[in-house]
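The structure appears below as structure tokens.
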Protein chains: 2
Amino acid sequence: MRVYLAGPDVFLPDPMARAALLTSVCAEYGLIGVSPLDTLAGEPAQWAAWPEALRIARRNEAHIASCDALVANLTPFRGPSADVGTVFEIGFMRALERPVFGWSNDARPFADRTRHFAGVCGAVDADGLLIEDFGLADNLMIEGAIIASGGAFFSRDCHAGERWVELDAFRQCLQAISSSM
Amino acid sequence: MRVYLAGPDVFLPDPMARAALLTSVCAEYGLIGVSPLDTLAGEPAQWAAWPEALRIARRNEAHIASCDALVANLTPFRGPSADVGTVFEIGFMRALERPVFGWSNDARPFADRTRHFAGVCGAVDADGLLIEDFGLADNLMIEGAIIASGGAFFSRDCHAGERWVELDAFRQCLQAISSSM
């Protein structure tokens, strides 16, 4: 079973080592981890002339479409929400009607994180914009997609220094996928 | 032609009035604007028993699937990137292979916004995580999808007080869709 590994892990200091680590953990659960950094078999020759960013985007779309499930690292990234590239990929996989799993190393409710970020206590931020508060882990489209797709979400809090290291919640996703095979 | 209006506009102080405004502007261009706040014709009766957040998520997915194109308000939202709910919806529409248009009231490059947010000048943030820098407006999956789908992205800078008011870039999206009909 091929599992696409969505997440801001590609921005870590040694992204290739991170991808190798995540795919090796997938293998422990009998899963083939597919990283955004993987080469794409049969990539069209004309893509070579494109700007790198567009080539990466199309390649990642193709990788997702080649997978049976998606596992997303939803640990908050530069703001109260997950990385937008990761969330794009969840939306893409959801439209393909395949299971989406999510994990995060921050277990605080989304509304708490957003209030902390905005420096407010109430229902709106300083601009008067509503703070979404449904008791979920992030924007409702994310958890809505995970649930509707038959996936699952796992989170845990960890020390700040372990935020981009800890993999227990990731392993919970893989265990859930492995159990459903 | 039905156009889904993705954006954090649903968090504005009077979201129904905002939706009415955006759909009335769509009508000027001969387009039917579909808001996330619209009711869903033929919504399954069993959804009534679901938690509101999940009902909203499924309803929005159904709205997107019923549209011919998507127009996303990508004005940065609580961080250097666009609202994650909006970006989820772009990914969803992209997988349906229909055109995605984006607009933003912040014309700064994504890398500049991210460095400003992170308080750094270099290639990485304080945690050592890479600052994506391809000269794009936001994460590459977003602009990659817009270009690959045959859509377009428009942005402009405006005064801080006009950030959630100004609609010139939105109108540019509608004009582009209207011209392609």
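The values are calculated or read from the model by the stated rules, or taken from the named source; none is laboratory data. Bear in mind that the values here come from a model prediction, so they are computed numbers and not experimental data. Cβ placement follows ideal geometry from the backbone for every residue including glycine, while neighbour counts extend to all protein chains displayed. Areas reflect the complete protein model, heavy atoms only, side chains present, ligands, DNA and RNA absent. Shrake-Rupley method; radii C 1.70, N 1.55, O 1.52, S 1.80 Å.
Before moving on, here are some points about what is shown:
- Nearest 10 degrees, 0 to 90: helix A:52-65 Cα axis against chain A principal axis: 90
- For chain A, a simple Cβ point-charge model (Lys and Arg +1, Asp and Glu -1, everything else neutral) yields a dipole of about 260 debye relative to the Cα centre.
- Estimated FRET transfer efficiency when R0 is 30 angstrom, pair residue A:21-residue B:27 (beta carbons, to 0.05): 0.05
- When the Gaussian network model of chain B links Cα atoms closer than 10 Å, the mean-square fluctuations of B:32, B:142, B:131 top out at B:131.
- Amide N of the stretch A:1-30 lying under 19 Å from the label point, which is placed 7 angstrom from the Cα of residue B:111 along Cα→Cβ: A:10-15
- Within chain B, helix-based [θ] at 222 nm, where runs of 4 or more DSSP H residues each add -39,500 (n - 2.57), nearest 500: -12000 deg cm²/dmol
- GNM result for chain B, Cα springs below 10 Å: residue of B:121, B:26, B:158 fluctuating most strongly: B:121
- Across chain A, the relative contact order, built from alpha-carbon pairs under 8 Å that are at least six residues apart, equals 22 percent.
- Other residues whose C-beta falls under 12 angstrom from the C-beta of residue B:106 contribute a net charge of -1, scoring Lys and Arg +1 and Asp and Glu -1.
- Overall shape: prolate for chain B, with the ratio a/c of the largest to smallest alpha carbon gyration tensor axis at 1.5 or above and a/b above b/c.
- Within 10 Å of each Cβ in A:50-63, the average number of Cβ atoms from other chains: 5
- Average other protein chain Cβ within 10 Å of Cβ, residues B:94-105: 2
- Nitroxide proxy distance, nm - points 7 Å out along Cα→Cβ at residue A:124 and residue B:121: 3.9
- Both chains summed, the buried accessible area for B and A stands near 4100 Å², from protein heavy atoms and a 1.4 Å probe.
- For chain B, the longest principal axis of the alpha carbon atoms and the long axis of helix B:84-95 meet at an angle near 70°.
- Against the main long axis of the alpha-carbon atoms of chain A, helix A:15-28 sits at an angle near 80°.
- In the stretch B:3-59, the chymotrypsin sites (Phe, Trp or Tyr not before Pro) that fall in loop regions by DSSP, at most 10 other Cβ within 10 Å: none
- Contact order, relative form, for the stretch A:1-100: 35 percent (alpha carbon pairs under 8 Å, 6 or more residues apart, mean separation divided by residue count).
- Note: relative contact order over the stretch A:86-181, using C-alpha pairs below 8 Å and six or more positions apart, is 37 percent.
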